[in-house]
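The values are calculated or read from the model by the stated rules, or taken from the named source; none is laboratory data. As the structure is a computational prediction, the values presented were derived from the model and not from experiment. Please note: Cβ atoms are built from the backbone with ideal geometry, for glycine as well, and neighbour counts cover all protein chains shown. When the accessible area is computed, the model is the full protein with side chains, heavy atoms only, and any ligands, DNA or RNA have been set aside. Shrake-Rupley method; radii C 1.70, N 1.55, O 1.52, S 1.80 Å.
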Amino acid sequence: AAMPLGLDIKRYEITEITPDPQIRLAMDKQAAAERDRREHVLRAEGDKQRVELTSEGVKISLQNESEGYLIRVQNEAEAGKVKLIKDAEGQAEAIRLTAEAQAEALAKIASEIEKPGGMDAAKLALAKEYVDMYGEMGRESNTMIFNERPADMSALLAQAVTAMNAVAPKPESFMKPIASGTDQQNEQVEAMVTKKEN
């Protein structure tokens, strides 16, 4: 048995431990494993956040792109609609103005024909147009059409209208032969025009 020597130990402190080499190797391996584990955890969390943020960015980008495309399509459709409406309104206005101008011109011609010498002036103007049409047809073809009765005004009118249709720039005729000419005269003129076109 021990005998008290008069000293009372309250605490003690270990300043250095020198473990066995195998224990030190095991402790080093444990510390390294812990560091590797933390590194993998942090790397995995970083990859997860990166994927989430990339996915969210792609989602926002696609959403903004689709919304922008929708707005562009809507604007283009609205612009096309407005253009069609404006074109239709412009055409309607042009047709209305053309019809009014033609009506005024016809009224003016009718009033002038009723005046003394008006009919003679109309015949002179028609004869001038008739000669001009012959000149136009002569430039385009070597086939010429002459009226066998130049003094017959009805035949002259029918032939002039047919000639004007033949040299008109549009494919469809803008005037029909005047019914006052004889059917035989109209058929002769149309046959000659058909021959010229072929």
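Is it the case that Glu65 is surrounded by 10 or more Cβ atoms within 10 Å (Cβ to Cβ), assigned to a helix (DSSP H, G or I) and more than 41 Å from the chain's Cα centre (by Cα)? If you could, list the steps in order and put the result at the bottom.
Numbers: surrounded by 10 or more Cβ atoms within 10 Å (Cβ to Cβ): yes; assigned to a helix (DSSP H, G or I): yes; more than 41 Å from the chain's Cα centre (by Cα): no.
No: the conditions fail for Glu65.
So Glu112 passes all but one of these: (1) surrounded by 11 or more Cβ atoms within 10 Å (Cβ to Cβ); (2) within 34 Å of the chain's Cα centre (by Cα). Which condition number does it fail?
(2)
Test Met27 against the stated conditions and say whether it is surrounded by 10 or more Cβ atoms within 10 Å (Cβ to Cβ) and closer than 30 Å to Ile17 by Cα.
Against the criterion (surrounded by 10 or more Cβ atoms within 10 Å (Cβ to Cβ) and closer than 30 Å to Ile17 by Cα), Met27 qualifies.
Looking at Thr15 and the list (1) within 30 Å of Gly118 (Cβ to Cβ); (2) of a type in the set (Ser, Thr, Tyr); (3) open to solvent by 100 Å² or more (accessible area, probe 1.4 Å), which single condition is not satisfied?
(1)
Residue check, Asp87 against (1) under 30 Å from Asp120 (Cβ atoms); (2) within 43 Å of the chain's Cα centre (by Cα), all met but one. Which one?
Against the list (1) under 30 Å from Asp120 (Cβ atoms); (2) within 43 Å of the chain's Cα centre (by Cα), Asp87 comes up short only on (1).
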